[in-house]
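The values are calculated or read from the model by the stated rules, or taken from the named source; none is laboratory data. All figures in this text were calculated on a predicted structure; none of them were measured in a lab. Ideal geometry is used to build each Cβ from the backbone, glycine not excepted, and the neighbour counts take in all protein chains shown. Areas reflect the complete protein model, heavy atoms only, side chains present, ligands, DNA and RNA absent. Shrake-Rupley method; radii C 1.70, N 1.55, O 1.52, S 1.80 Å.
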Amino acid sequence: MLVDHDVSQEDPILRRLAALILTTATLAACGQSEGSQDPLQVAETLEAAKPAHSPAQTGTPPGTITPGGTFTEGDTTLKFQVNGRDVELDRLRSAVFEMTKDDKGAETRGTGLRAGDGATNAVADRYGRLLVVDTRGGEFMAFSINPLIMRQRYPVPGGPYGIAYDAKRDIAWITLTERNEVVGLNVAGGEPTEKQRFSTVRQPNTVSVDQESGRVTVTSGDNGGIQVISP
């Protein structure tokens, strides 16, 4: 005699186990791009980090300020020469790559390392390292090249974005757009140490430094002015 099988009367533990297996399989399928073999791709849609919006300015920042200041978003891949080798910062994957040649002599990506949660800008220093700011993660990192190794990792809260390097004084200048500040880190030792900090024009997206005088120029990203500071 055939007996109807009532699923609703099954052991509740078995039903929960079946639901767990189905959910796990669904999440695994959603977490990987179809056909992607890229170990550093962590999402279906990759988006480069952007500078955080600055608050309203309070007070007058130091230095000389002239009108102006605009900002153009850079390419998603930034290229550098570090210690005689080609290096790329992939802002979409938030990763640093050494460049190499394939068997036909064409340039291709070699070893890659994650650079925080949202690396945006970088600069080479005189020690053969690439200095990187992680805007989403609020960190500063230094990578040596050949082999590619992270040598320094240091918290820099406040929405770090722009970076410049003073090779004569070993100071990395980093803008903090959430605070309207620029901070100078000495990067010559085993761990960065803060040496200088100044308030800036609003939305300090970019920074540069004069290698002879050490003067720091901070440029607003929304017409807030161009500021020159003599530390």
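Some notes on this structure:
- Mean separation of Cα pairs under 8 Å and 6 or more residues apart, divided by the residue count, gives region 89-211 a relative contact order of 16 percent.
- Using the 1.4 Å probe convention, the accessible area of region 86-210 works out to 39 Å² per residue with neighbouring protein chains retained.
- Farthest positive-ward along region 139-204 dipole, Cα basis, beta-carbon charges - from SER199, ALA142, THR177: SER199
- Ordering of 154-167, 73-86 by packing is 154-167, 73-86, highest average first (other Cβ atoms within 10 Å, averaged per residue).
- Within the straight-line cut-off of under 30 Å between alpha carbons, the lysines reachable from LYS195 are LYS50, LYS79, LYS168, sequence neighbours fewer than 8 places apart in one chain being disregarded.
- Per-residue 3J(HN,Hα) values for region 130-145, derived from phi via the Karplus relation 6.51 cos²θ - 1.76 cosθ + 1.60 with θ = phi - 60°, read 9, 8, 10, 9, 9, 5, 5, x, x, 9, 10, 9, 10, 10, 7, 10 Hz in sequence order (x marks Gly and Pro).
- Accessible surface of region 73-231, 1.4 Å probe, proportion on carbon and sulfur as whole %: 43
- Segments 169-181, 203-215, 88-100, 186-198 sorted - mean Cβ within 10 Å per residue, highest first: 169-181, 88-100, 203-215, 186-198
- The stretch between ARG126 and SER213 holds 29.6 nm of extra length on full extension. This uses 0.36 nm per residue minus the Cα-Cα distance.
- Between GLU73 and ASP103, the modelled labels are 4.0 nm apart [label points 7 Å from Cα along Cα→Cβ].
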